[in-house]
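Down below is the structure, laid out as structure tokens.
Only the coordinates and a few stated rules stand behind these numbers; no lab work does. Model, not experiment: these values are computed from the prediction. We place every Cβ from the backbone using ideal geometry, glycine too, and count neighbours over all the protein chains shown.
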């Protein structure tokens with residue numbers, strides 16, 4: 001191999017490796033599945049595991065939210081599918097919702113997840129046309145979760161006891 | 001230095017140091033970029049390496065070299081600076097009094113080594129000691145003081161220690177995998193530094209390899225000029 005070719009290949013490899021490291025710093029993946037999923041998503045080749053997603057939907061509609069989250073997480077192990085992340089966030093919302101008080105731990109997880117869903121959605125916009133849901137967009141869900149985590153005088157309003165779960 | 005080492009081995013080795021040094025394993029894995037202070041220290045280290053002859057920048061970037069070779073040289077220098085910044089960040093405790101003290105310790109040691117103007121082996125040995133000492137402090141001593149206590153007595157002693165130091169010394173518990181990874185990263189970094197092209201003992205004859213010189217590359221002893229040579233130089 002000629003010296004110029006070696007140098008050119010070395011330079012390309014270094015630039016590529018630097019780009020990969022910068023991408024990893026930005027994405028902060030938690031597992032190899034997230035790394036490979038992120039790479040395949042960047043070239044538009046990422047697909048969720050459809051049977052697991054269907055399991056998640058069935059469990060979600062049966063109000064088995066923790067089981068539904070497990071199935072959804074299995075379906076989207078790389079956390080790159082906005083719709084699946086939206087359903088996970090919705091499951092956290094419903095799991096944490098209470099007539100007298102909301103569970104902050106579930107709502108916090110829901111907020112993290114819906115933020116991730118918005119981040120991976122094209123142009124940051126998620127709309128899920130599901131008639132069984134009362135909130136169809138990521139923005140609505142995020143606002144609801146943030147309102148649930150907020151502490152203000154409206155928490156003392158007795159009429160809030162009559163509000164239903166969305 | 002071969003083209004392969006300059007183009008492939010050194011940049012990739014130093015970038016691997018940047019990547020491995022960034023991995024922090026706790027309840028979740030995160031990647032921590034080098035700190036600003038780490039970058040300052042790494043620039044100082046670059047100066048130290050050049051001054052000591054451990055790194056000869058003109059062997060990486062020079063007007064007489066082809067443009068592509070100069071680009072390769074630039075990647076080596078930039079990746080070495082980033083790797084050094086990551087190594088310094090890695091051995092610095094995360095917060096509190098230990099962070100301040102170790103940062104000062106590193107700064108003073110580097111300034112002291114710069115002032116001493118040591119040669120290449122001494123600089124590398126000095127770096128080994130600096131990084132080894134700070135690694136031991138963070139990943140052995142502070143980790144032992146901050147980690148979860150095994151027994152009740154150990155827990156009581158830990159609480160007493162935290163009380164005496166007003167909680168300024170304790171750090172977040174360090175996962176063992178992070179410690180092993182940090183050790184491997186530092187070893188890799190030191191290997192990379194030892195592979196950098198250093199200052200040559202004598203300038204090689206232009207256009208000829210050392211083996212082609214009359215002495216076959218050996219340093220020729222200085223000889224007294226002959227009478228004829230002396231007369232010519234006087235004219």
For chain A, longest principal axis from Cα atoms; helix A:104-120 axis from its Cα atoms; angle between them, nearest 10 degrees, is 40
Distance in nm between residue A:40 and residue B:200 label points, each 7 Å along Cα→Cβ, equals 5.2
Per-residue average of other protein chain Cβ atoms inside 10 Å, peptide B:3-14 -> 4
Taking Cα atoms, the helix A:32-42 axis meets the longest principal axis of chain A at an angle in degrees (rounded to 10) of 80
For the range A:1-97, the Cα convex hull volume per residue in Å³ comes to 106
dims of the range B:62-123, Cα set, principal axes, largest to smallest, nearest Å -> 49, 27, 16
Burial-style ranking of A:33-46, B:93-106, B:182-195, average other-beta-carbon count within 10 Å with highest first, yields B:182-195, B:93-106, A:33-46
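Give the calculated FRET efficiency between residue B:97 and residue A:99 to the nearest 0.05, with a Förster radius of 45 Å applied to their Cβ-Cβ distance. Don't skip to the end; give the middle numbers.
Numbers: r = 48 Å, r/R0 = 1.07.
Working from the Cβ atoms, E equals 0.40.
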Once residue A:132 and residue A:159 are pulled to full extension, the length gained, defined as 0.36 nm per residue separation minus their Cα-Cα distance, is 7.2 nm
Log entry: pair-distance distribution for the range A:56-109, C-alpha pairs binned every 10 Å from zero, whole % per bin is 28, 53, 17, 2
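When only Cα pairs under 8 Å and 6 or more residues apart are kept, what is the percent relative contact order across the range A:62-128? Walk me through the numbers before you get to the answer.
Working: 73 pairs, mean separation 22.0, N = 67.
In percent, rounded to a whole number, it is 33.
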Taking a crude spin-label model, label points 7 Å out from Cα along the C-beta direction, the residue B:9 to residue A:151 distance in nm is 6.0
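Let me know the mean shielding of B:68-80 by other chains, meaning the per-residue number of their Cβ atoms within 10 Å of its Cβ.
Details: counts 8, 4, 1, 6, 6, 1, 2, 7, 2, 0, 2, 3, 0.
Mean shielding by partner chains, rounded to a whole number: 3.
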Hits in the range B:32-55: amide N under 14 Å from the 7 Å Cα→Cβ extension of residue B:114, namely B:38-52
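Quick check: convex hull of the Cα atoms in the range B:1-154, volume per residue, rounded to a whole Å³? It would help to have the intermediate numbers written out before the result.
Values: hull volume 20.7 nm³, N = 154.
Hull volume over Cα atoms, normalised by residue count, gives 134 Å³.
Count, for each residue of B:20-28, the Cβ atoms from other chains sitting within 10 Å of its Cβ, then give me the mean as a whole number.
Values: counts 0, 0, 3, 1, 0, 0, 0, 0, 3.
Mean number of neighbouring Cβ atoms from other chains: 1.
State the three equivalent ellipsoid semi-axes of the protein assembly as shown, derived from the C-alpha gyration tensor as the square roots of 5 times its eigenvalues, in descending order and whole Å.
Values: eigenvalues 671, 170, 50 Å².
Rounded to whole Å, the semi-axes are 58, 29, 16.
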Each label sits 7 Å from Cα toward the beta-carbon; between residue B:30 and residue A:123 the label points are separated, in nm, by 3.3
Rounded to the nearest 10, the angle in degrees between the Cα long axis of helix A:82-96 and the longest principal axis of the Cα atoms of chain A comes to 30
Comparing A:117, A:68, A:19 in a Gaussian network model of chain A (Cα, 10 Å), the one with the largest mean-square fluctuation is A:19
Cα extents of chain A along the principal axes, largest first, in whole Å, come to 80, 37, 24
Burial-style ranking of A:88-94, B:66-72, A:159-165, average other-beta-carbon count within 10 Å with highest first, yields A:88-94, B:66-72, A:159-165
Convex hull around the C-alpha positions of the range B:114-153: the volume in Å³ per residue is 73
